[in-house]
Amino acid sequence: MARPRRTGEPIIGGQALKAAIHVARARAGIPSDVQLTRVSGVSYDTLMNWYAERTVPRPHELKKVATALGTSYAELMEVYEGRGAQPVPLDQAIRELAAEIRVTRQAQDSHVAALVGAVEALLRRETPEDEPESTPAPAEPPRAYRRRRRTDPDPDPVTA
C-alpha cells in the first residue's frame with residue numbers, strides 16, 4: 001500500500017506512473033484508461049493495481065502499454081522508479097502542442113504562398129506579353145445538351 005507523500009517530496013511509483021500514462025494517453029488521443037487497456041491488451045485491473053501500488057509493473061505488460069501510447073518502456077519505468085523527469089502537466093503539454101500547431105500552420109501558409117508565387121511566375125513566363133492571349137472559340141455543346149426542337153414529341157421516359 002502506498003504511504004502518504006510528504007510536501008515537497010517527488011512523486012514516484014504508481015502515482016507518477018499514472019500521471020505519465022495520462023499525459024501520454026492524452027497525446028496519443030486515447031480518451032480513457034479503459035480504452036488504453038483495449039488498445040494495449042493489458043487488463044484494467046492490472047493498470048489500477050499499478051496506480052495504487054498494489055503490484056509492480058511487469059516488463060512485458062508495461063511494454064504493451066508503452067507501445068500503445070507511442071512512448072518507450074524505459075521512459076515509463078524511469079518515471080515509476082523516480083529516476084526520470086516528472087511528466088509534463090497536461091495543461092502545459094496542451095499549450096506546447098497548440099503552439100507547435102500554430103507554428104506549423106504559419107509555415108504551411110508561407111509555403112503555400114511561395115508555391116502560388118512560383119506558379120504565377122511560371123505562367124507569366126509562358127505567356128509573352130507582346131502576344132495577345134487567344135481564347136479558343138466555344139465548342140459546340142455535346143448532342144445530349146442541345147436544346148430540343150419544339151416539334152419533337154416528349155421522349156418516353158422508359159426508353160430515353
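Criterion first (closer than 19 Å to Glu75 by Cα and small (Gly, Ala, Ser)) does Ala52 satisfy it?
It is false that Ala52 is closer than 19 Å to Glu75 by Cα and small (Gly, Ala, Ser).
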From (1) part of a helix (DSSP H, G or I); (2) within 26 Å of Leu97 (Cβ to Cβ); (3) at pLDDT 90 or above, pick out the condition that doesn't hold for Gln15.
(3)
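Looking at Gly117, Gly82 in this structure, which one is modelled with pLDDT of 85 or more and surrounded by 10 or more Cβ atoms within 10 Å (Cβ to Cβ)? Talk me through it step by step, then tell me what you get.
Working: Gly82 fails: modelled with pLDDT of 85 or more.
The unique qualifying residue is Gly117.
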What residue, among those in region 24-79 that are among the polar types (S, T, N, Q) and more than 28 Å from Glu96 (Cα to Cα), is surrounded by the most Cβ atoms within 10 Å (Cβ to Cβ)?
Thr46
For Ala66, state whether it is modelled with pLDDT under 65 and part of a helix (DSSP H, G or I).
no
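The values are calculated or read from the model by the stated rules, or taken from the named source; none is laboratory data. Computed from a predicted model, the values in this text were never measured in an experiment. Here Cβ is always computed from backbone atoms with ideal geometry, including for glycine, and neighbour counts include all displayed protein chains.
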